[in-house]
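Accompanying notes for the structure given below.
The values are calculated or read from the model by the stated rules, or taken from the named source; none is laboratory data. All values reported here derive from a predicted model rather than from experimental measurement. Here the Cβ is made from the backbone with ideal geometry for all residues, glycine too, and neighbour counts use every protein chain on show.
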Amino acid sequence: MSKGQTNGLESLRKRFKVNHSTILVVSALILILFVAFSVRILPMRWEIPTGQIHLNEFDPYYQFSLTSYMVDNGLFSPYTGHWVNYQQWYPQGLDMSRSLPALPMTAAALYTAISFLGINVDLMAFCSVLTVVLGTLSCLILYFIGKDVGGRAVGLFAALSLALAPSFLQRSSLGFFDTELPGMIGLLFFILFFLRSIDPKHSLRGSLIYSIGAALSLAYFITGWGAAYYVLGLTALFAFILVVLKRSDKRLLTSYGIAMGLSLLIAIQFPQIGYSYLTTAPILAVIGVFIIMLINEFARNKVSVKTLTLATVAVIIVMLVSIIPLAYSGYVGEIAGKFITVINPSIRASTPLIASVAEHKITAWGNLYMELGISAIFFLTGLYFVLKNPTNRNVFLLLFGITGLYFGASMVRLLVIFAPAFGLFVGIGIVGMLKPFMAMFKETPNAAAKAQRKLLRVSKEYSGLGILFIFILLMTQFAFTPQTGGMPRAVAGAYAPTSISSAALPIIPSEPMPQWLNMLNYVNSELKSTDVVVAWWDYGYWLSVSGNVTTLADNATINSTQIENLGFIYMADEKSSLKMLSTYGQKNVRHILVFTVLIVYQDEYGNYKSGAWGFGDEGKWAWMADISGGAKDRLIQEGFMDADNAWAGRNDFGYTLDQWVWNEQGKDSVIYKLLADIENEFSMSTYGLVEPLYGESVNLDYFKLEYLSGNGAEIALNPYGSTIVPLVGLYSIDWDAYNAAN
């Protein structure tokens, strides 16, 4: 090797500072990313036997339909062509141009790119695996945030914590192709770039570049997830507190102005966001803080503190006085109801449509414990170290942690926002606790005396015990979790099939459960795309996207009136139900679907019995009753509900806290009859079960069972003497009989 080559390699080595420490950090980071990817890909084990990789839960199928349309027609086609999907929310259809574009555009662009390179892969499989990649990328971004905050060790611990955080793991594992992904990517990139932009260590040019990066990241967040209100409010609060603490400067003003202004300018170009976004209360607060910062900067060295305080208070009063009449006159945009219930969770119970969604529940203590685990100790320690050193960056982290914890506790879905904040504080806490113990290992400069040597030896022993104790705590958090009986909680949370491959059941079967897959294949092959299949709104996306039929409602919940009508269709008697259905047109509305889950067991005499497990419509009918009961006055006024037999909620059908005890009105409802008919059909064709949940057989006047998915399957009772039987029934509607009788 020539001298020039040697000098070149030496120069390269010095430039990148490759040393043992760097090699260890890079190796650890690669290992963490490998772990993050591996646990998220685990559900693949159930997908391979089905012959196709599916998406998880329900909302990802909506995102997939957008992605598929963009791949076929162009990235901006849903917006420039004003695409209305008439297979959803029949008969008015669903305006897809009102959709958030970030996730489907990202997937469509990447899929088009790999297709151009000659890589042929199924689009649904690509979208399903993309979630794993984006989830792993989020862990990498958090490493760099942690590195900026407290060094490489903090970054590594933060990345590991996020990689295995149950809330984020659930929403970034195989198939969870939903809005949280662009939300998390945008949130983390924004925090990384924004904190760097206000760091005085960077040059003005570097600060401007980071400000633009923060703006683009925030725009991606806004166009990807409605929870962008959170980071907008968080940043505005941070800037306002710095003004109060007299820490605001030109750099902060410039970074804040560029990040907020440019991101909003980009986001409002999309119809789902629109110019009305600028008149919502959170955005007005963002603008108000910017005005306060301008006044503060202008008056920094020219007026007294008293005058500045009075001016600030005056601006706030003027803004409030301006906003209140604008709000009453309708010029200030409203925030969606579910966002209001996050701020004030006590009002959620009064909105059954929001309360009926499991991910909108107030976070229970059990959920918090599963999320935090024993690392709550490190979180509190990290909080102490951050409070002890209140730099601008640490003030932001403090606000991030406290507000993230509040909103995560308010709504279980938002624990995913708290996960990165928790990871950062855990990393800071671990490193802060380890520092004094690690320092004890170092030789003291004056350790010649015998007494000093003994003291040093004792100190090292104590430090070793301290480090061992912290290591044990980390092992119980990440490797041998007590909450899951010893199994790593990450594996316990991730090693589960996609919802559709487990027949929408919260269990981990040994093999895929094909009941829903078979039903979707049946309607796809036997029905036309214009045929309307009536089903509770939970299953709308599966039916319209995978089943290729038309539905009345789905998880978009854009029309609360139609969901109230749908609840009425199931809770009313057959005649009243079909009277409502006839308003949607008898020509296309020809099928109704019901999903039930039975538990089958043997008594001491060897007789088979069945009961309800509660995860099908036998558990959801209560929400059908509550939601339709909330529209009682409207339904009576429109002539669908009889005032003498009207209901206000589940209790009117015989519901008790302990069990379902149907009264006569309940036994005359469509949902009861369909559930009872399915169970009796299963009982007669499979084992001749005795004492079924719904008792005697029922007479259906206008519904005829067309296909029962799951019926006749061989069922092996588990070692505990019971088994779970999901059944999906499709009924055809006999309009001729109804018209003849009425």
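Quick grid of which residues meet (1) over 21 Å from Phe190 (Cα atoms); (2) hydrophobic (A, V, I, L, M, F, W, C):
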position: Pro101; (1), (2): no, no
position: Thr106; (1), (2): no, no
position: Ala109; (1), (2): yes, yes
position: Thr136; (1), (2): no, no
position: Val149; (1), (2): no, yes
position: Ala163; (1), (2): no, yes
Notebook entry, point to check: Does Ala503 satisfy being touching a helix residue (DSSP H, G or I) at 6+ places or on another chain (Cβ under 8 Å), at pLDDT 85 or above and of a type in the set (Gly, Ala, Ser)?
Noted result: yes
Item checked: Yes/no for Met571 being under 36 Å from the mean Cα position of the chain (by Cα), modelled with pLDDT of 95 or more and buried (at least 23 other Cβ atoms within 10 Å of the Cβ) -> yes
Next item on the list: Answer yes if at least one residue in the stretch 517-529 is closer than 21 Å to Ser582 by Cα and of a type outside the set (A, V, I, L, M), and no otherwise.
Entry: yes
Next item on the list: Could you please give the count of residues in the stretch 404-446 that are surrounded by fewer than 19 Cβ atoms within 10 Å (Cβ to Cβ) and either among the aromatic types (Phe, Trp, Tyr) or modelled with pLDDT of 90 or more (or both)?
Entry: 2
Notebook entry, point to check: Is it fair to say Val244 is in contact (Cβ under 8 Å) with a residue 40 or more places away in the chain, over 27 Å from the mean Cα position of the chain (by Cα) and within 20 Å of Val313 (Cβ to Cβ)?
Noted result: no
Notebook entry, point to check: When the residues of the stretch 578-603 are filtered to those that are in contact with a Pro (Cβ under 9 Å, 6 or more places away or on another chain) and either at pLDDT 95 or above or farther than 17 Å from Leu674 by Cβ (or both), which remaining residue is surrounded by the fewest Cβ atoms within 10 Å (Cβ to Cβ)?
Noted result: Gly585
Margin query: Any residue at all in the stretch 590-609 that's assigned to a loop (DSSP other than H, G, I, E, B), within 24 Å of Trp537 (Cβ to Cβ) and either in contact with a His (Cβ under 7 Å, 6 or more places away or on another chain) or touching a residue at least 12 places away in the same chain (Cβ under 8 Å) (or both)?
Written below: no
Next item on the list: From (1) of a type in the set (D, E, K, R); (2) at pLDDT below 60; (3) surrounded by 12 or more Cβ atoms within 10 Å (Cβ to Cβ), pick out the condition that doesn't hold for Glu47.
Entry: (2)
Notebook entry, point to check: in a helix (DSSP H, G or I) and not hydrophobic (A, V, I, L, M, F, W, C): does that describe Gly183?
Noted result: yes
Notebook entry, point to check: If we only count helices (runs of 4 or more DSSP H) wholly inside the stretch 628-742, which ones have 1 or more residues that are modelled with pLDDT of 90 or more, surrounded by fewer than 17 Cβ atoms within 10 Å (Cβ to Cβ) and within 34 Å of the chain's Cα centre (by Cα)?
Noted result: 632-637
Note to self: Ser2 - would you say it is of a type in the set (S, T, N, Q), surrounded by fewer than 18 Cβ atoms within 10 Å (Cβ to Cβ) and at pLDDT 90 or above?
What the structure shows: no
Checklist line | Condition met for Gly274 (surrounded by fewer than 23 Cβ atoms within 10 Å (Cβ to Cβ), touching a Ser or Thr at 6+ places or on another chain (Cβ under 8 Å), more than 20 Å from Leu399 (Cβ to Cβ) and among the small types (Gly, Ala, Ser)) | finding: no
Next item on the list: For the stretch 491-525, name all the residues that are in contact with a strand residue (DSSP E or B) (Cβ under 8 Å, 6 or more places away or on another chain) and part of a helix (DSSP H, G or I).
Entry: Ser501, Gln515, Trp516, Asn518, Met519, Tyr522, Val523
Check: Do we find that Ser207 is at pLDDT below 95 and small (Gly, Ala, Ser) in this structure?
Finding: yes
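Condition check ((1) surrounded by 21 or more Cβ atoms within 10 Å (Cβ to Cβ); (2) in contact with a Phe, Trp or Tyr (Cβ under 9 Å, 6 or more places away or on another chain)) across all residues:
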| site | (1), (2) |
| --- | --- |
| Ile209 | no, yes |
| Ile212 | no, yes |
| Thr223 | yes, yes |
| Leu245 | no, no |
| Leu253 | no, yes |
Margin query: Quick check on this structure: which one of Ser128, Ser138 is closer than 30 Å to Phe157 by Cβ, in contact with a His (Cβ under 8 Å, 6 or more places away or on another chain), small (Gly, Ala, Ser) and modelled with pLDDT of 95 or more?
Written below: Ser128
Next item on the list: Among what's in the stretch 610-628 and is among the aliphatic types (A, V, I, L, M) and without any contact (Cβ under 8 Å) to a residue 60 or more places away in the chain, pick the residue that is farthest from Pro514 (Cα to Cα).
Entry: Ala625
Margin query: Can you pull out every residue in the stretch 90-113 that is over 23 Å from the mean Cα position of the chain (by Cα), of a type in the set (A, V, I, L, M, F, W, C) and buried (at least 17 other Cβ atoms within 10 Å of the Cβ)?
Written below: none
Notebook entry, point to check: Looking at Tyr69, is it of a type in the set (Phe, Trp, Tyr), at pLDDT 95 or above and surrounded by fewer than 24 Cβ atoms within 10 Å (Cβ to Cβ)?
Noted result: yes
